[in-house]
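The values are calculated or read from the model by the stated rules, or taken from the named source; none is laboratory data. Please read all numbers here as calculations on a predicted model, not as lab measurements. Quick reminder, even Gly has a Cβ in these numbers, built from the backbone with ideal geometry, and neighbours come from all protein chains shown.
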Amino acid sequence: MARQRNVSRNAEIRSSGGPKPPESNRVRVADKPSGRTGASKRSAATPSGLILVATPIGNAADITLRALSVLAGADVVACEDTRVTGKLLAMHGVSASLTPYHEHNAAKVRPQLIGRLKNGESVALVSDAGTPLVSDPGYRLVRACLDEGIPVTAVPGASAVLTALQLSGLPSDRFLFAGFLPVKTAARRRVLAELALVPATLVFLESPRRLDGALTDMAGVLGDRPAAVARELTKLFEEVRRAPLAELARHYAEAGPPKGEVAVVVAPPLAAAETPDAAVDRLLREALATTSLRDAVDAVAATTGRPRRQVYARALAVTAGA
């Protein structure tokens, strides 16, 4: 699956005292369709069709009983990396037929999976860690199933996005998951400018190597908002650092890249009564870079809650001084 990067994507999945697999357990890797009709091993917990199954983001015990039942009963488990999924299933004593499905083979494998599904089989789709389709293009398989009238359901579970949001201490009633920001600074700042006016908490995934640069750009474009950096979520060395964006940027510039993949949670724009003139001017400059004066004024007035006439007056001042 392309770009599946939930927070512990390439980290080794660690068991936390979960059940050990029996000596006879074997995980089977299916390179070719089995040709079965799918009725032989499926239980009531594993219906025919495509089933999106969430897996742990770090702690192997964070998998639901339903997920284990579905994975054991599916005719085939389509996974990003058969080694990662195979290790997780072995930890829980589950035997399953695995087939790789990722960005490099999706165009070839997707029609094969659709064929099996149309034949009445059950296919469970998992990512290396977390909830399928979050920051990966597994939606193409879902879309293909829907187009063919194939049932699609989901087994919910762990999510790095929601876990980071929960632990951030920031408003959670309205949030936007923005995925990974672009690697290059100019492109990254353009995307951040588009998000600056969104009246919601923002959640990003980020590479440790680019964290200090991303935080610096966030502080420069979004303003020095409260934020949180969460890493190693659900694992032994889980850490959540909460501070304004500029302070977080300084910390990671001095400390160096942290271990493990990272989620960054950023507070929404300041409320009207808390929005200083300088912040309004910054929002106006960012909006004016991509929209007309009228649209920029409307957007900033809606975001800050300030009267439109006040925002319009500041917009005239900003454009006069540009």
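From the list A230, A246, exactly one residue is within 21 Å of R190 (Cα to Cα), at pLDDT 90 or above and either within 30 Å of the chain's Cα centre (by Cα) or charged (D, E, K, R) (or both). Which is it? It is A246. Region 173-268 holds strands (runs of 3 or more DSSP E) entirely within its bounds, and those carrying 1 or more residues that are acidic (D, E) and within 23 Å of G130 (Cα to Cα) map to 201-206, 239-244.
Here is the figure for region 148-193: residues that are closer than 16 Å to D136 by Cα and of a type in the set (S, T, Y) total 1.
Would you tally the residues in region 294-317 being over 34 Å from the mean Cα position of the chain (by Cα) and either at pLDDT below 90 or farther than 20 Å from D224 by Cβ (or both)? Give the steps one after another, and end with the answer.
Looking only at region 294-317, we keep the residues that are over 34 Å from the mean Cα position of the chain (by Cα), and these are 294, 307-317.
Going one step further and asking which of them are either at pLDDT below 90 or farther than 20 Å from D224 by Cβ (or both), we end up with 294, 307-313, 315-317.
The qualifying residues number 11.
P171 fulfils the conditions (1) more than 30 Å from R231 (Cβ to Cβ); (2) in contact (Cβ under 8 Å) with a residue 24 or more places away in the chain except for a single criterion, (1).
Confirm whether R143 is in contact (Cβ under 8 Å) with a residue 24 or more places away in the chain, basic (K, R), more than 23 Å from A230 (Cβ to Cβ) and in a helix (DSSP H, G or I). It is false that R143 is in contact (Cβ under 8 Å) with a residue 24 or more places away in the chain, basic (K, R), more than 23 Å from A230 (Cβ to Cβ) and in a helix (DSSP H, G or I).
Across region 135-146, the qualifying residues are those that are closer than 24 Å to A178 by Cβ and in contact with a Leu (Cβ under 9 Å, 6 or more places away or on another chain), and the one among them that is modelled with the lowest pLDDT is S135.
Checking each residue in region 186-234 for being free of Cβ contacts under 8 Å to residues at least 60 places away in the same chain and among the polar types (S, T, N, Q) picks out S207, T216.
Inspect region 242-264 for any residue being in the same structural domain as L192 (by TED's automatic domain parsing), of a type in the set (G, A, S), surrounded by fewer than 20 Cβ atoms within 10 Å (Cβ to Cβ) and within 22 Å of A200 (Cβ to Cβ) and give the result as yes or no. The answer is yes; a qualifying residue exists. Taking first residues from region 284-295 that are closer than 15 Å to V198 by Cα and partners that are in a loop (DSSP other than H, G, I, E, B), the Cβ contacts under 6 Å between residues at least 6 apart in sequence or on separate chains come to E286/A196.
Out of curiosity, is V266 hydrophobic (A, V, I, L, M, F, W, C) and over 18 Å from L165 (Cβ atoms)? Spell out how you get there, then give the answer.
Working: hydrophobic (A, V, I, L, M, F, W, C): yes; over 18 Å from L165 (Cβ atoms): no.
Spelling it out, it is not the case that V266 is hydrophobic (A, V, I, L, M, F, W, C) and over 18 Å from L165 (Cβ atoms).
Given the conditions (1) surrounded by fewer than 20 Cβ atoms within 10 Å (Cβ to Cβ); (2) over 23 Å from R210 (Cα atoms); (3) more than 20 Å from the chain's Cα centre (by Cα), and given that R190 satisfies all but one, which numbered condition is not satisfied? Among (1) surrounded by fewer than 20 Cβ atoms within 10 Å (Cβ to Cβ); (2) over 23 Å from R210 (Cα atoms); (3) more than 20 Å from the chain's Cα centre (by Cα), the lone unmet condition for R190 is (2). In region 193-227, of all residues being buried (at least 23 other Cβ atoms within 10 Å of the Cβ) and small (G, A, S), the one that is farthest from V265 (Cα to Cα) corresponds to A214. Test A299 against the criterion of being under 22 Å from D173 (Cβ atoms), part of a helix (DSSP H, G or I) and either assigned by TED's automatic domain parsing to the domain that holds G220 or in contact with a Leu (Cβ under 6 Å, 6 or more places away or on another chain) (or both), and give yes or no. Taking the combined requirement at face value, the residue satisfies it. Regarding A158, is this residue small (G, A, S), assigned to a loop (DSSP other than H, G, I, E, B) and either in contact with a strand residue (DSSP E or B) (Cβ under 7 Å, 6 or more places away or on another chain) or surrounded by fewer than 20 Cβ atoms within 10 Å (Cβ to Cβ) (or both)? Judged against the criteria, A158 is a match.
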